[in-house]
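**Student:** One structure, pasted below without further comment.
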Amino acid sequence: MRGATEAGMADDDEKPGLMGRLFGRAASPAPRVPAPSAPATKPPTWWSRLTRGLSRSSTALGQGVVDLFAKRKLDAATLDELEDALIAADLGPAAAKRVREALARDRHGRDASEADIREALAAEVERALTPVAKPLFVESAIRPFAILVVGVNGSGKTTTIGKLARKFVDEGRKVALVAGDTFRAAAIEQLGIWAARTGATLIAGKEGADPAGLAFEALTRAKAEGFDVLVMDTAGRLQNRAELMAELAKVVRVMKKVDPAAPHAVLLVLDATVGQNALSQVELFGKTAGVTGLAMTKLDGTARGGVLVALADRFGLPVHFIGVGETAEDFAPFSAKDFAAAIAGKGGDD
Amino acid sequence: MFESLSDKLSGVLDRLTGRGALSAADVDAALREVRRALLEADVNLEVARAFVENVRQKAVGAEIVKSVRPGQMVVKLVHDALVETLGGEDSGLDLAAAPPVAVMMVGLQGAGKTTTAAKIAKRLAEREKRKVLMASLDVKRPAAQEQLAVLGRQVGVETLPIVAGRGPVEIARAALEDARLRGFDVVILDTAGRTHVDEPLMAEMAEIKAAANPHEILLVADALTGQDAVNLAKSFDERVGVTGIVLTRVDGDGRGGAALSMRAVTGKPIKLIGVGEKMDALEGFHPGRIADRILGMGDVVSLVEKAAANIDAEKAAKAVEKMRRGKFDLDDLSDQLAQIERLGGLGGIIGMLPGVAKMKDQIAAAGVDDKMVRRQRAIISSMTPKERRDPDVLKASRKKRVAAGAGVKVEDVNKLLKQHRQMADVMKAMGGAKRGGMMGKLGQMMGMGAGMGGGMPAPSPEEMEALAKRYGLPGQGFAAGAPGIPDAPPPDVFAKPKFPGLAGLGGFDPFKKK
């Protein structure tokens, strides 16, 4: 079952091409620095990946900040424009206003250089995000540790599960992936390919089957066969569709029949391009499925994912992971400092 | 989509409409709130700015129309600006070229390209009788090609057989070649999702374009997209020259900002919108109607069209006749309920009614949902024909039997019967009286339903607003009027006519009106 490293290797082979793509317009590819303690196969440091991925987005905002602040006082008009720039990063009016006020409190009327502004902005964003930057803690004592993955259609649930599977398998855990998206055409095949790539076990039912029934079977089987982690995919659903949310609630209910504490984690996958609708997604998926943490995908575009600041302000749910590409390695724990620096257009160190 | 923008904007504008005179400061304050509402709805910052400026300028130079209050004038200006921003004219797919016409779908990962490709194929095959071939050029995402093949089987449209190892450009060529040989009218090319900053993939997309020479290049974009929507649309357009936009997940509670922004920035029309997961959940995009919906004016035109497509005119005419004579039995009620279901359920209808959007929360809170409608139909179908014609024969033991048959409690049966009796009473009264006194109000209420068809002139948005306020807010009158809500507040005189208002739908005769 874990012998699927050949499949994993295929991914590794792709890496140079991937890096080229990821780093897109960057003049020179990032040096491949092995992470100090991680297994030797690990890709360049996470920070370089994130900043290169985010650099395109942050330059857009960064540029705006340069233009605005090169030789100006931090007066009301400047702050207005800063607020607008934050809104353009998807922070939303409320969070943008809060950040603006925080900046105004300390520095109003002072001369401020571009670097000062970026620094202050990064600090403020980081302050908002630090409390929510928590890794997903998989308790080894709980077996199987059941993770339910939910989100709207096309947010990247299945890909995220593929990445999670790679992580857990690399950690030496016995992993089951449950193909709970029985609705979308070929969703089961898609997860099956991820299972084969990562060496996880696929548990699938028939297309069109009741996902709750599958959840029950899968959890029972994972328990009997001694799996460490079970990750359950679900069909994408819009949070305002009551009947689909009821179906999700049933999946959760049924899992509890096997293990009253399950699902031990409920991961809501958010697309980085999502706007203020993310607030409604977190609220309603939270209500229905008891979301315990967030993952943000597709941060390799120009989207800035600024809505995470608004989400932190309002819900304070942990942000576990972010995804910046399509292979299993384009995935890492969420770091408030890096993310804040990227949003404020502060360059990385390497 | 659009509800929340609608809530906010109509809130802001409400405060203006009631007033006789407006100062420049009033308008400014309102426009500031409009701007904020737009931003919260994910409208792009630049677009929001331009929008507000546009309205402000028009407001300053606006001619004073005597019969219109200044506040209403502002509402009209905002409405016009919305229509303008959304693109004025309706615009559909353009397939006027030598067959096979290639249609290429592009967009970000997860935007809904594959699903949309299948929906468009179905629409073209069924409505326009075109012979359509689909091909998936997505060799990247696991099982993407299989997904299109499965969808193709579902909608009865052929897909190009999957050959492992072929690149996207090769597949595009093969699809066109195959279509030429076998006489297909349209070839839909579904490409892999890509971010617009992914240079190699963008270059590949340009290659596909060069090879396939598509007549339509549709950018598929998620209606839930935030501020990035504009960059996205711009980059795709610059790179391959998008011919139109398809907005997906419009049935979500997203706020439609992406729609406003992408159209405004690229000047490319929104051609279609995806409104659900079913394969026929694809609609044309009508800027004027959407603007109405955003401003809470309802979308009666769409409702009428929907009704025309779904309601059996003959049956409807019969029902009207019966109602007029005060003979409205349970079979008729069941038909009415079935029609509500066909029109997209209570939620679907309510969302399109003028002024009612604001009451949505209250309606939801009262537990009015489509399950209830289904349950009521179940109760009726558990009755014998005789009982349906003459509900008075239903005594305790019969009621028990009916309740058991429908899987409900006897009190639910009682509720339904009571509801029916009230409706029948109201209808009888309506049959005799026309306007005047309470009946006049009833007439107006009927206007809400009948405005869609019953023959009375549709009230103006202002009147609707007033009605909604008067009837909708106290004690959830609207909800009370709907049949059999558990624990509904006791129906008052104004609540009663509500359901007939809906039932008035049945009176719609689409063919006569046209």
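The values are calculated or read from the model by the stated rules, or taken from the named source; none is laboratory data. On a predicted model such as this, the values are computed, not experimentally measured, just so you know. All Cβ positions, glycine included, derive from the backbone under ideal geometry; neighbour counts span all protein chains shown.
**Student:** Across segment B:140-164, which residue is surrounded by the fewest Cβ atoms within 10 Å (Cβ to Cβ) among those that are within 12 Å of chain A (Cβ to nearest Cβ), hydrophobic (A, V, I, L, M, F, W, C) and over 18 Å from B:Phe184 (Cβ atoms)? Spell out how you get there, then give the answer.
**Tutor:** Filtering segment B:140-164 down to residues within 12 Å of chain A (Cβ to nearest Cβ) leaves B:140-155, B:159, B:162.
After this cut, where a residue has to be hydrophobic (A, V, I, L, M, F, W, C) as well, the list is B:143-144, B:148-151, B:155, B:162.
Pick out the ones that are also over 18 Å from B:Phe184 (Cβ atoms) and you get B:143-144, B:150.
Values: B:Ala143: 22, B:Ala144: 22, B:Val150: 19.
Only one residue tops the list, namely B:Val150.
The rows are residues; the columns are (1) hydrophobic (A, V, I, L, M, F, W, C); (2) at negative phi.
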site	(1), (2)
B:Gly256	no, no
B:Leu260	yes, yes
B:Ile270	yes, yes
B:Ile273	yes, yes
B:Glu277	no, yes
B:Asp280	no, yes
B:Phe285	yes, yes
B:Ile290	yes, yes
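**Student:** Looking at segment B:225-273, which of the residues that are assigned to a loop (DSSP other than H, G, I, E, B), farther than 22 Å from B:His79 by Cα and touching a helix residue (DSSP H, G or I) at 6+ places or on another chain (Cβ under 9 Å) is nearest to the other protein chains (Cβ to nearest Cβ)?
**Tutor:** By that ranking, first place goes to B:Gly226.
**Student:** Restricting attention to segment A:250-303, which residues are within 14 Å of chain B (Cβ to nearest Cβ), among the aliphatic types (A, V, I, L, M) and outside any helix (DSSP H, G or I)?
**Tutor:** Scanning segment A:250-303 gives A:Leu268, A:Val269, A:Leu270, A:Ala272, A:Val274, A:Ala295, A:Met296, A:Leu299, A:Ala303.
**Student:** Regarding B:Arg123, is this residue at pLDDT below 95, surrounded by fewer than 18 Cβ atoms within 10 Å (Cβ to Cβ) and under 27 Å from the mean Cα position of the chain (by Cα)? It would help to see each step written out before you state the result.
**Tutor:** Values: at pLDDT below 95: yes; surrounded by fewer than 18 Cβ atoms within 10 Å (Cβ to Cβ): no; under 27 Å from the mean Cα position of the chain (by Cα): yes.
Taking the combined requirement at face value, the residue does not satisfy it.
**Student:** While we're here: So the check is Cβ under 8 Å with 6+ separation or different chains; which pairs have a first residue in segment B:396-425 that's of a type in the set (Asp, Glu) and a second one that's assigned to a helix (DSSP H, G or I)?
**Tutor:** B:Asp412/B:Arg375; B:Asp412/B:Ile379; B:Asp412/B:Ala403; B:Asp412/B:Ala406
**Student:** To continue, here is another question. Have a look at A:Leu244, A:Leu238 and point out the one that is outside any loop (DSSP other than H, G, I, E, B), at the interface with chain B (Cβ under 10 Å from one of its Cβ atoms) and out of contact with any strand residue (DSSP E or B) (no Cβ under 8 Å at 6 or more places or on another chain).
**Tutor:** Working: A:Leu238 fails: outside any loop (DSSP other than H, G, I, E, B).
Of A:Leu244, A:Leu238, the one residue that is outside any loop (DSSP other than H, G, I, E, B), at the interface with chain B (Cβ under 10 Å from one of its Cβ atoms) and out of contact with any strand residue (DSSP E or B) (no Cβ under 8 Å at 6 or more places or on another chain) is A:Leu244.
**Student:** Could you tell me which numbered condition A:Gly192 fails, if it satisfies all but one of (1) in contact with a helix residue (DSSP H, G or I) (Cβ under 7 Å, 6 or more places away or on another chain); (2) outside any loop (DSSP other than H, G, I, E, B); (3) within 14 Å of chain B (Cβ to nearest Cβ); (4) small (Gly, Ala, Ser)?
**Tutor:** Just one mismatch for A:Gly192, condition (1).
**Student:** Being buried (at least 17 other Cβ atoms within 10 Å of the Cβ) and touching a Ser or Thr at 6+ places or on another chain (Cβ under 8 Å), is that true of even one residue in segment B:165-178?
**Tutor:** Yes: one or more hits.
**Student:** May I pose another question? Within segment B:25-46, take every residue that is surrounded by fewer than 16 Cβ atoms within 10 Å (Cβ to Cβ) and more than 14 Å from chain A (Cβ to nearest Cβ) and give me the one that is farthest from the chain's Cα centre (by Cα).
**Tutor:** Checking each candidate, the answer is B:Ala25.
**Student:** Can you name every residue in segment A:148-189 that is away from chain B (no Cβ under 14 Å), in a strand (DSSP E or B) and either out of contact with any helix residue (DSSP H, G or I) (no Cβ under 7 Å at 6 or more places or on another chain) or without any contact (Cβ under 8 Å) to a residue 60 or more places away in the chain (or both)?
**Tutor:** A:Val175, A:Ala176, A:Val178 - these are the residues of segment A:148-189 that are away from chain B (no Cβ under 14 Å), in a strand (DSSP E or B) and either out of contact with any helix residue (DSSP H, G or I) (no Cβ under 7 Å at 6 or more places or on another chain) or without any contact (Cβ under 8 Å) to a residue 60 or more places away in the chain (or both).
Residue-wise test of (1) more than 14 Å from the chain's Cα centre (by Cα); (2) surrounded by fewer than 20 Cβ atoms within 10 Å (Cβ to Cβ); (3) at negative phi.
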| residue | (1), (2), (3) |
| --- | --- |
| A:Val258 | yes, yes, yes |
| A:Val269 | no, no, yes |
| A:Ala272 | no, no, yes |
| A:Gly286 | yes, yes, yes |
| A:Gly290 | yes, yes, no |
| A:Ala295 | no, no, yes |
| A:Lys298 | no, no, no |
| A:Gly301 | no, no, yes |
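**Student:** Got a number for residues in segment B:171-207 being outside any strand (DSSP E or B) and away from every other protein chain (no Cβ under 12 Å)? So that I can check it myself, show each step before the final result.
**Tutor:** Initial filter on segment B:171-207 (outside any strand (DSSP E or B)): B:171-185, B:191-207.
Narrowing the set further to residues that are away from every other protein chain (no Cβ under 12 Å) leaves B:171-185, B:191, B:205-207.
Count: 19.
**Student:** With respect to B:Met134, is the statement that it is farther than 25 Å from A:Leu238 by Cα, within 14 Å of another protein chain (Cβ to nearest Cβ), crowded, with 24+ Cβ neighbours inside 10 Å and in contact with an Asp or Glu (Cβ under 7 Å, 6 or more places away or on another chain) true?
**Tutor:** So B:Met134 passes the test.
**Student:** Something else now. Which residue, of A:Gly236, A:Gly208, A:Gly213, A:Gly226, is out of contact with any helix residue (DSSP H, G or I) (no Cβ under 9 Å at 6 or more places or on another chain), of a type in the set (Gly, Ala, Ser) and farther than 17 Å from A:Pro144 by Cα?
**Tutor:** Values: A:Gly236 fails: out of contact with any helix residue (DSSP H, G or I) (no Cβ under 9 Å at 6 or more places or on another chain); A:Gly213 fails: out of contact with any helix residue (DSSP H, G or I) (no Cβ under 9 Å at 6 or more places or on another chain); A:Gly226 fails: farther than 17 Å from A:Pro144 by Cα.
Of A:Gly236, A:Gly208, A:Gly213, A:Gly226, the one residue that is out of contact with any helix residue (DSSP H, G or I) (no Cβ under 9 Å at 6 or more places or on another chain), of a type in the set (Gly, Ala, Ser) and farther than 17 Å from A:Pro144 by Cα is A:Gly208.
**Student:** Please go through (1) more than 18 Å from B:Gly112 (Cβ to Cβ); (2) at pLDDT 85 or above; (3) crowded, with 22+ Cβ neighbours inside 10 Å for B:Val246 and return the number of the only condition it doesn't satisfy.
**Tutor:** Going through (1) more than 18 Å from B:Gly112 (Cβ to Cβ); (2) at pLDDT 85 or above; (3) crowded, with 22+ Cβ neighbours inside 10 Å one by one, B:Val246 breaks only (1).
**Student:** Consider A:Leu219 carefully, then state whether it is away from chain B (no Cβ under 13 Å), part of a helix (DSSP H, G or I), over 30 Å from B:Lys119 (Cβ atoms) and touching a Leu at 6+ places or on another chain (Cβ under 9 Å).
**Tutor:** It is true that A:Leu219 is away from chain B (no Cβ under 13 Å), part of a helix (DSSP H, G or I), over 30 Å from B:Lys119 (Cβ atoms) and touching a Leu at 6+ places or on another chain (Cβ under 9 Å).
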